[in-house]
């Protein structure tokens, strides 16, 4: 349905896309994953005819996006990143305008709008001014817009950014309901967001396709990256120093790497990377109990794409050379409002 | 052709609605009505004694056309593209099956219609004069035609300025300066020898120099109307090109 081959795009001296090729079969839901700035939005803008590629082929349902941009735009529903909507219009008014410029025939317009409102679950706010909507509703209005005219291809760019976990869950079930005969390309930078709805996942990194596989296979490859965060104190008088704690943790069987994340006060936070699929939590608990230390936190950390990628491609991010503490911090921020990985 | 018309009217309709949903429209209209009400009152009082001077009262209102257009056009157009670029709605607009031309046409026509709507409020004053006296409607129609054409020129310049930036303030300043230069272009002629080619060119192009002549004769000078409309077409053409520029390689 979507066929992309050898897509290259430069912005001045920056090569945003480098020979990107992939195919999305008809009726599939495919996750399009990559860290921010990897080229997701650029690829999507080329697919939707907003930008032309420098080189390469793009066809959607057999229509060439380079030569017949209008033709492509007629058959896709697109939700751009950030859900741009005119803030001064009412929801129904906005959808009526969108239906008109999308060429939905006058006689079908009312029914089409009603259908889109229902599928996106925004009937109850259809008279509200879009600028006053909550983020979740805005997102859904954007989805209703994308669904107008019953497009065969749906392209959603970061549709769940800024939603709270409950809204993300709702959005996901909404998407699942939309599948079937529709082809959906869903871009995101959080793996957990797509793995439950998408059968296949494409990972893009620095303008190149890094992986293109079924979700199951990818999951297996990434699963080994579950890490443990443990906050341990070696006693109130701090008789055990952080390096000693670290050394003890490193000796645990199945531990590949231990980092001291933070060491203020009597408690010290450690990040442990296990070997394979092992769950280290029990081992950490036993160690702390046996030594008579105290433990106040023991969590599994969700895998960020950054780490997934390191594992898949074996490449350390060259751009990100901030200290590890800072990186963890921003990764945690990126996860705010997102559902922790199940 | 039909889709072109449908898309243009859809965008026209949306822009018209959004003019009236923004406070700027009401501020501008109020200011316009207030200023012209004062001008009208002052002149009507002045010429109260001599009803044959009625045309001077009308003239006093329309003398301000270039000034008001200089002020109105940047304010009306500043939002049209700059805002869409800033908020990203331009992307959802341009990924719908509409062409750049249709978008520019719809927005321009909406700006022109809103601009003319503001000028039509002066009919109120003219109706009062009609009741009290016997104004000559020929020059009024002529000056309305000239006003519409001048508006087209400056609105299209404003639209171009708005398409060039995502900052409305920058758009206002660019179109204000551009429009002002067009108004006073005939001042440049002093740099050239009398009756030389350049002298005559700038005399022709300068708007302030000749605007309002229609009123004296009650005749629309088609050369100036053509000048404004050609200028407007050039600016609109470049606006379309600026929007298309993202697709250039």
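The values are calculated or read from the model by the stated rules, or taken from the named source; none is laboratory data. Just so it is clear, the model here is predicted, and its values are computed rather than measured. Note that each Cβ is placed from the backbone with ideal geometry, even for glycine, and that neighbours are counted across all protein chains shown.
Per-structure values
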read-out: Helices (runs of 4 or more DSSP H) enclosed by segment B:1-70 - at least 2 residues per element that are within 14 Å of chain A (Cβ to nearest Cβ) and within 21 Å of residue B:161 (Cβ to Cβ); value: B:2-21, B:23-46
read-out: Sole exception among (1) within 15 Å of the chain's Cα centre (by Cα); (2) surrounded by 15 or more Cβ atoms within 10 Å (Cβ to Cβ) for residue B:177, by number; value: (2)
read-out: Qualifying residue in segment A:236-243 (condition: assigned by TED's automatic domain parsing to the domain that holds residue A:298, assigned to a helix (DSSP H, G or I) and at pLDDT below 85); value: yes
read-out: Qualifying residue in segment A:199-209 (condition: surrounded by 20 or more Cβ atoms within 10 Å (Cβ to Cβ), closer than 30 Å to residue A:103 by Cα and either out of contact with any helix residue (DSSP H, G or I) (no Cβ under 7 Å at 6 or more places or on another chain) or in the same structural domain as residue A:47 (by TED's automatic domain parsing) (or both)); value: no
read-out: For residue A:11: the one exception among (1) within 12 Å of chain B (Cβ to nearest Cβ); (2) surrounded by fewer than 17 Cβ atoms within 10 Å (Cβ to Cβ); (3) within 23 Å of residue A:171 (Cα to Cα); value: (3)
read-out: Qualifying residue in segment A:27-45 (condition: farther than 17 Å from residue A:156 by Cα and in the same structural domain as residue A:217 (by TED's automatic domain parsing)); value: no
read-out: Of the criteria (1) under 21 Å from residue A:27 (Cα atoms); (2) within 13 Å of chain B (Cβ to nearest Cβ); (3) in contact with a helix residue (DSSP H, G or I) (Cβ under 8 Å, 6 or more places away or on another chain); (4) not in a loop (DSSP other than H, G, I, E, B), which one residue A:119 fails; value: (2)
read-out: Subset of segment A:258-276 [out of contact with any helix residue (DSSP H, G or I) (no Cβ under 8 Å at 6 or more places or on another chain), modelled with pLDDT of 80 or more and within 13 Å of residue A:227 (Cβ to Cβ)]; value: A:269, A:273, A:274
read-out: Selection count, segment A:71-82, where residues are surrounded by fewer than 23 Cβ atoms within 10 Å (Cβ to Cβ) and modelled with pLDDT of 90 or more; value: 3
read-out: Residue within segment B:145-161 that is buried (at least 21 other Cβ atoms within 10 Å of the Cβ), over 17 Å from the mean Cα position of the chain (by Cα) and either away from chain A (no Cβ under 14 Å) or under 18 Å from residue B:238 (Cα atoms) (or both) present; value: no
read-out: Flag for residue B:220 being surrounded by 15 or more Cβ atoms within 10 Å (Cβ to Cβ), out of contact with any strand residue (DSSP E or B) (no Cβ under 7 Å at 6 or more places or on another chain), more than 14 Å from chain A (Cβ to nearest Cβ) and part of a loop (DSSP other than H, G, I, E, B); value: yes
read-out: Matching option when the condition is under 30 Å from residue B:88 (Cα atoms) and in contact (Cβ under 8 Å) with a residue 24 or more places away in the chain, among B:177, B:184, B:170, B:140; value: B:170
read-out: Residue within segment B:82-97 that is on the phi > 0 side of the Ramachandran plot, surrounded by fewer than 24 Cβ atoms within 10 Å (Cβ to Cβ) and either within 14 Å of chain A (Cβ to nearest Cβ) or in a helix (DSSP H, G or I) (or both) present; value: yes
read-out: Given (1) under 20 Å from residue B:112 (Cβ atoms); (2) touching a helix residue (DSSP H, G or I) at 6+ places or on another chain (Cβ under 6 Å); (3) at pLDDT below 90, number of the condition residue B:47 does not satisfy; value: (1)
read-out: Residues located in segment A:49-68, provided they are surrounded by fewer than 22 Cβ atoms within 10 Å (Cβ to Cβ), more than 7 Å from chain B (Cβ to nearest Cβ) and in contact with a strand residue (DSSP E or B) (Cβ under 9 Å, 6 or more places away or on another chain); value: A:55, A:56, A:57, A:59, A:61, A:62, A:64, A:66
read-out: Output for segment A:76-115, where each listed residue is on the phi > 0 side of the Ramachandran plot and more than 7 Å from chain B (Cβ to nearest Cβ); value: A:83
read-out: Residue in segment B:34-53 that is buried (at least 22 other Cβ atoms within 10 Å of the Cβ) and in contact (Cβ under 8 Å) with a residue 60 or more places away in the chain present; value: no
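Conditions tested, residue by residue: (1) part of a helix (DSSP H, G or I); (2) touching a helix residue (DSSP H, G or I) at 6+ places or on another chain (Cβ under 8 Å); (3) under 30 Å from residue A:7 (Cα atoms); (4) without any contact (Cβ under 8 Å) to a residue 24 or more places away in the chain.
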site: A:32; (1), (2), (3), (4): no, yes, yes, no
site: A:35; (1), (2), (3), (4): no, yes, yes, no
site: A:53; (1), (2), (3), (4): no, yes, yes, no
site: A:59; (1), (2), (3), (4): no, no, yes, no
site: A:67; (1), (2), (3), (4): no, no, yes, yes
site: A:83; (1), (2), (3), (4): no, yes, yes, no
site: A:104; (1), (2), (3), (4): no, yes, no, no
site: A:112; (1), (2), (3), (4): yes, yes, no, no
site: A:139; (1), (2), (3), (4): yes, yes, yes, no
